[in-house]
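Trainee: Quick one: the structure is below, questions incoming.
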Amino acid sequence: MAKVLSDKLFSVFFAIHILGSAVLLPAVVVEATWCVARSDASIQALQTALDYACASGADCTPIQSSGLCFLPNTIQAHASYAFNSYFQRKAMAPGSCDFSGTASASKSDPSYGSCMYPSSVRYESYDRSFFGPCFAEYFLLNFMSFLGS
């Protein structure tokens, strides 16, 4: 189910055209996906897949010793970051979150502390029909009132 953008993404808006006027309506997050290491994968398989991801386009700088995602210093955590980076850089192409069975797609954000995992967030603008035929006009009037005050 779609949910309204959190304050993290409050600045994303879509313009729609109503009666010759552009109206800004907040966006809706439809879906976000991350690629993470499977908890049942062996350390050896994770290391092999981690090496492949880093050598094949993943941004592995954040999991280096001076990076924001170095801690916890585990193969599981580092592989998750590298797998996700690769997955996002490949635009979530089919098969780009498998790594020989050591990874899987997740709808739960694995970010923690200052370690932020990029995600594939898809946005859509509000559909006027969802709010009724007068919502956009109501929003525009209130928005204009807000600007005038």
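Trainee: Within 15 Å, Cβ to Cβ, of SER106, how many net charges do the neighbouring residues add up to if Lys/Arg are +1 and Asp/Glu are -1? Let's see the in-between values first.
Mentor: Working: positive: ARG38, LYS107; negative: GLU31, ASP40, ASP98, ASP109.
Once all neighbours under 15 Å are counted, the net charge is -2.
Trainee: Also, quick follow-up: Between ALA103 and residues 5 or more places away or on another chain, which pairs have amide H atoms under 5 Å apart, with H built 1.01 Å from N, and which residues are they?
Mentor: ARG38
Trainee: A follow-up question, please. Could you give the nm distance between label points at MET92 and PHE70, where each point is 7 Å from its Cα heading toward the beta carbon?
Mentor: 3.2 nm
Trainee: Okay, moving on. Whole-Hz Karplus ³J(HN,Hα) for the range 87-98, in order, using 6.51 cos²θ - 1.76 cosθ + 1.60 and θ = phi - 60°, x for Gly and Pro?
Mentor: 4, 5, 5, 8, 6, 6, 4, x, x, 7, 10, 10
Trainee: Rounded to whole Å and ordered largest first, report the semi-axes of the equivalent ellipsoid of the range 34-120 derived from its Cα gyration tensor (root of 5λ). Walk me through the intermediate numbers first.
Mentor: Details: eigenvalues 55, 43, 30 Å².
Sorted largest first and rounded, they come to 17, 15, 12 Å.
Trainee: If you don't mind, another one. Could you order peptides 59-72, 77-90 by the average number of other Cβ atoms within 10 Å of their residues, highest first? Intermediate results must be reported in sequence, preceding the final value.
Mentor: Values: 59-72: 14.7, 77-90: 24.3.
Descending mean neighbour count gives 77-90, 59-72.
Quick note: the coordinates plus some simple rules give every number you see, no bench work behind them. Given the structure is predicted, the values throughout are model-derived calculations rather than measurements. Cβ sites come from the backbone with ideal geometry, for glycine too, and all protein chains shown count toward neighbours.
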